[in-house]
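First comes the structure, then the notes that go with it.
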Amino acid sequence: MQAVLTQEKSIYLQIAEMIENDILREVLLEEEQAPSTNELARVYAINPATAAKGVNLLVDEGILYKKRGIGMFVMAGAKEKIRRKRRESFYQDYVARLLEEARSLGISREELIQMIAGQDKEG
Amino acid sequence: MAREERRTPDIRQGLTGRGIVKRYGKKEVLHGIDLALEPGKIYGLIGRNGAGKTTLLSLLSAQNPLTAGEVLLGGEPVWENILAMSCICFSRELNPSGEAGTAAMKVGQYLDTAAAYFPHWDREMESRLLAHFQLERREKLAKLSKGMLSMVTIITAMASKAPYTFLDEPAAGLDVIAREEFYRMLLEEYAATGRTFVISTHIIDEAAAVLEETIILKDGEILVKENTEELVSSCVYISGREEEVRKAAQGLRVYHWEAVGRSVGCMVWLREGEELPSDCAIQVQPVSLQKIFAALCQEGGEAQ
């Protein structure tokens, strides 16, 4: 948590994404309690209805679940589910944009592959 | 003699204005406004100077007589109805050079006067906020800075505990840290009580995330009343070569058309179900609430 909100994207989507990031990075563990709508509203200074919209999106996707009277919890298997979903959109979100920018800069496929291979060696 | 008994209004039914008209002399400021405020929401009221925001809030809180129309709380008329009025707090912007009576008052006197109207006035909260803002009850309003006057109006609004609370330009004069504090305080109070708030402001983007609904007032009429999130996500700025932008924008609601060299740009407000065509070579960018407001309220309004 504690990332900064931007104006590039709907706030509720950013809230959902930040919770997902915390699950991916194991800041939030499965079967652990997730931050409440009011906590999110307070920390990010946003309307609780917006925070609730973000949380409910994750409930609909089976990433969080509600324990009545207690709050929201991370579903078992949530991490794997987020991983799978993000892998599916990885091409659209990252690769396609990379290729488009490379094309308009006249960077060839071979050069690109070299860059990625080189980067990999360094890292 | 049959005298009509006033009942305590059912605040859960909301505050409703119907056909609100207000004239000052020959000048008509509001031209027949219909507005329903639901309980438990934070509304933002935005509009240019002179759009009628303060007038509208004063009419909804029965501080100012209507020329025509009615305001009802839980179905009961609000005008001269002490039970209804005690449920609605309009914390006006304080102006020390303005009304002579107020300027001579001390902070404590001003708060006591307000407290007399509201049966659930919270003294504990009043002193907590006074201490927080480092204000003294014995200070004269006339001696306070604009920011400190805003703090007095914020204390009045918060401590009133009124189920319907209107704040007129609470952010005016506050520095950036005090503004952030104010919005956090507002959200905390809202989370704890579910009171309805209407906030008017010119510093729109700072407030946007806090406002569940946005009401845009233009020339004495309501131009927009929408869920803020939905409004912002239905507006986009598109730009590119003129023929491409024209093709993309065809049949859509277009605002603020502008040319930058060979490229043109405009804001598009998509209706429900509408989408931008995918076969146009255009750039699509999100727009902030402030930009949307500026595009909608600009002279000329809808372009093309």
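The values are calculated or read from the model by the stated rules, or taken from the named source; none is laboratory data. Predicted, not measured: the structure shown is a model, and the values here were computed from it. We place every Cβ from the backbone using ideal geometry, glycine too, and count neighbours over all the protein chains shown.
Name every residue in the stretch B:146-185 that is among the basic types (Lys, Arg) and within 28 Å of B:Val78 (Cα to Cα), in order of residue number.
Correct list: B:Lys161 only.
Yes or no, residue by residue, for (1) modelled with pLDDT under 95; (2) within 14 Å of another protein chain (Cβ to nearest Cβ):
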{"position": "A:Asn38", "(1), (2)": "yes, yes"}
{"position": "A:Leu57", "(1), (2)": "no, yes"}
{"position": "A:Leu64", "(1), (2)": "no, no"}
{"position": "A:Ile70", "(1), (2)": "yes, no"}
{"position": "A:Val74", "(1), (2)": "no, no"}
{"position": "A:Gly77", "(1), (2)": "no, no"}
{"position": "A:Arg83", "(1), (2)": "no, no"}
{"position": "A:Ser89", "(1), (2)": "yes, no"}
{"position": "A:Val95", "(1), (2)": "yes, no"}
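Are any of the residues in the stretch A:61-76 charged (D, E, K, R), crowded, with 18+ Cβ neighbours inside 10 Å and not assigned by TED's automatic domain parsing to the domain that holds A:Arg109?
no
Within the stretch B:107-128, which residues are surrounded by fewer than 20 Cβ atoms within 10 Å (Cβ to Cβ) and aliphatic (A, V, I, L, M)?
Selection gives B:Ala115, B:Ala116, B:Met125.
Given the criterion outside the structural domain of B:Gln290 (by TED's automatic domain parsing) and part of a loop (DSSP other than H, G, I, E, B), identify the matching residue among B:Ala162, B:Ala131.
Answer to the selection: B:Ala162.
If you go through the stretch A:19-47, how many residues are outside any helix (DSSP H, G or I), of a type in the set (Gly, Ala, Ser) and out of contact with any Phe, Trp or Tyr (no Cβ under 7 Å at 6 or more places or on another chain)?
Number of matching residues: 1.
Exactly one of (1) part of a helix (DSSP H, G or I); (2) within 14 Å of chain A (Cβ to nearest Cβ) is unmet by B:Ala157. Its number?
Status for B:Ala157: all satisfied but (2).
Considering each residue of the stretch B:29-57, count those that are under 16 Å from B:Phe293 (Cβ atoms) and within 14 Å of chain A (Cβ to nearest Cβ), and give that number.
Residues flagged as under 16 Å from B:Phe293 (Cβ atoms) and within 14 Å of chain A (Cβ to nearest Cβ) within the stretch B:29-57 amount to 2.
Consider the stretch A:66-123. How many of its residues are closer than 30 Å to A:Lys53 by Cα and outside any loop (DSSP other than H, G, I, E, B)?
Total satisfying the criteria: 26.
Just checking: which of the helices (runs of 4 or more DSSP H) contained wholly in the stretch B:209-299 hold 2 or more residues that are within 14 Å of chain A (Cβ to nearest Cβ)?
Once the helices (runs of 4 or more DSSP H) in the stretch B:209-299 are filtered for at least 2 residues that are within 14 Å of chain A (Cβ to nearest Cβ), what remains is B:228-233, B:289-297.
Could you list, in sequence order, all residues of the stretch B:18-47 that are surrounded by 16 or more Cβ atoms within 10 Å (Cβ to Cβ) and not in a strand (DSSP E or B)?
Within the stretch B:18-47, B:Pro39, B:Gly40, B:Lys41 meet the criteria.
Residues of the stretch B:173-205 being small (Gly, Ala, Ser), in contact with a helix residue (DSSP H, G or I) (Cβ under 6 Å, 6 or more places away or on another chain) and farther than 18 Å from B:Ile216 by Cα, which ones?
B:Gly173, B:Ala191
When you check B:Val198 against the structure, is it surrounded by fewer than 24 Cβ atoms within 10 Å (Cβ to Cβ), away from chain A (no Cβ under 12 Å), modelled with pLDDT of 95 or more and closer than 24 Å to B:Leu59 by Cα, yes or no?
The answer is no for B:Val198.
What number of residues within the stretch B:201-234 are touching an Asp or Glu at 6+ places or on another chain (Cβ under 7 Å), buried (at least 22 other Cβ atoms within 10 Å of the Cβ) and farther than 20 Å from B:Glu188 by Cβ?
Number of matching residues: 1.
Test of understanding: among A:Thr6, A:Thr50, which residue is within 14 Å of chain B (Cβ to nearest Cβ) and in a helix (DSSP H, G or I)?
Going through A:Thr6, A:Thr50 in turn, the sole match is A:Thr50.
Can you tell me which residues in the stretch B:168-195 are crowded, with 16+ Cβ neighbours inside 10 Å and not in a helix (DSSP H, G or I)?
Correct list: B:Asp168, B:Glu169, B:Pro170, B:Ala171, B:Ala172, B:Gly173, B:Leu174, B:Arg195.
Scan the stretch B:136-154 for residues that are aliphatic (A, V, I, L, M) and either surrounded by 23 or more Cβ atoms within 10 Å (Cβ to Cβ) or in a helix (DSSP H, G or I) (or both) and jot them down.
B:Leu141, B:Ala142, B:Met148, B:Leu149, B:Met151, B:Val152, B:Ile154
Quick one: B:Ala259 ticks every box in (1) surrounded by 14 or more Cβ atoms within 10 Å (Cβ to Cβ); (2) more than 29 Å from B:Cys89 (Cα to Cα) except a single one, so which number is it?
(1)
Looking at the stretch A:40-48, can you tell me whether even one residue there is within 15 Å of the chain's Cα centre (by Cα) and at pLDDT 90 or above?
no
Could you tell me whether the stretch B:65-75 includes any residue that is surrounded by fewer than 19 Cβ atoms within 10 Å (Cβ to Cβ), among the acidic types (Asp, Glu) and in a strand (DSSP E or B)?
Looking through the stretch B:65-75, at least one residue is surrounded by fewer than 19 Cβ atoms within 10 Å (Cβ to Cβ), among the acidic types (Asp, Glu) and in a strand (DSSP E or B).
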